[in-house]
1. Could you list, in sequence order, the residues of the stretch 133-147 that are assigned to a helix (DSSP H, G or I) and touching a residue at least 12 places away in the same chain (Cβ under 8 Å)?
2. Where the second residue is polar (S, T, N, Q) and in a loop (DSSP other than H, G, I, E, B) and the first is on the phi > 0 side of the Ramachandran plot and lies in the stretch 70-89, which pairs have Cβ atoms under 9 Å and are six or more apart or on separate chains?
3. Being open to solvent by 40 Å² or more (accessible area, probe 1.4 Å) and of a type in the set (Phe, Trp, Tyr), is that true of even one residue in the stretch 65-72?
4. What are the residues in the stretch 29-46 that are of a type outside the set (Phe, Trp, Tyr) and open to solvent by 60 Å² or more (accessible area, probe 1.4 Å), if any?
5. For the structure I just gave you, tell me whether Ala116 is farther than 19 Å from Ala68 by Cα and either in a helix (DSSP H, G or I) or touching a helix residue (DSSP H, G or I) at 6+ places or on another chain (Cβ under 9 Å) (or both).
6. Of the numbered conditions (1) touching a residue at least 40 places away in the same chain (Cβ under 8 Å); (2) open to solvent by 40 Å² or more (accessible area, probe 1.4 Å); (3) closer than 21 Å to Ser133 by Cβ, Glu56 fails exactly one; give the number of that condition.
7. Of the residues Ala130, Ala124, Ala150, Ala117, which single one is without any contact (Cβ under 8 Å) to a residue 60 or more places away in the chain and in contact with a strand residue (DSSP E or B) (Cβ under 6 Å, 6 or more places away or on another chain)?
8. Just give me the residues in the stretch 80-129 being open to solvent by less than 50 Å² (accessible area, probe 1.4 Å) and among the hydroxyl-bearing types (Ser, Thr, Tyr), in sequence order.
Amino acid sequence: MKLGDGVEQSIHCTAVLSGLSAGGVLSAAALAEYHGVSTSYLLKHLQALSGAGILETVPGPKGGYRLAKKPDDISLLDIVLAVEGPAPAFRCSEIRQRGPNPLPQRYFTKPCQVTAAMLRAERAYRAELANTSIADILTELSADDDGGIAARGCAFMEMHERKVAR
């Protein structure tokens with residue numbers, strides 16, 4: 001299973017936005033700079049996150065993005081679904097019914113075993129993502145950080161965070 005770069009960028013941006021002070025926002029350009037990615041590509045994903053109710057968009061020249069929910073209430077699955085959409089990763093096209101000498105329809109009344117196995121894997125994958133919140137990711141990061149990651153984030157926020165009314 002391959003998820004697009006937008007999923008990684010979206011998860012990291014959501015985590016960064018969780019560090020904003022009350023009333024603070026970050027611009028898409030600042031988030032793109034922090035992660036070394038294209039602003040125009042990132043904007044598409046930030047808009048998807050806003051549309052899904054994960055981020056709040058503050059309009060205007062001093063606007064930007066902030067979390068619309070608490071980090072505890074944002075799962076990785078929420079982000080993946082916002083960016084990639086709800087369709088399952090595996091899409092069966094019923095190739096077992098193609099080719100020469102096709103079998104009668106009575107052999108195809110149930111989903112094929114390949115589809116059944118892939119859907120079980122998808123359910124397990126989605127369940128794990130649903131059980132992992134942005135807060136969980138931040139807790140793990142904090143446990144592994146010797147202070148360097150936090151210092152980089154704080155310095156960046158100091159330079160780029162914009163204060164707006166809530």
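1. Ile134, Ala135, Ile137, Leu138, Leu141
2. Listed pairs, sorted by first residue: none to list.
3. Checked the stretch 65-72: no residue is open to solvent by 40 Å² or more (accessible area, probe 1.4 Å) and of a type in the set (Phe, Trp, Tyr).
4. Glu33, Gly36, Ser40, Lys44
5. The answer is yes for Ala116.
6. Among (1) touching a residue at least 40 places away in the same chain (Cβ under 8 Å); (2) open to solvent by 40 Å² or more (accessible area, probe 1.4 Å); (3) closer than 21 Å to Ser133 by Cβ, Glu56 violates only (1).
7. Ala130
8. Hit for the stretch 80-129 is Thr115, nothing else.
The values are calculated or read from the model by the stated rules, or taken from the named source; none is laboratory data. Model, not experiment: these values are computed from the prediction. Every residue, glycine among them, receives a Cβ derived from its backbone with ideal geometry; neighbour counts consider all protein chains shown. With ligands, DNA and RNA removed, areas are computed over all heavy atoms of the protein, side chains included. Shrake-Rupley method; radii C 1.70, N 1.55, O 1.52, S 1.80 Å.
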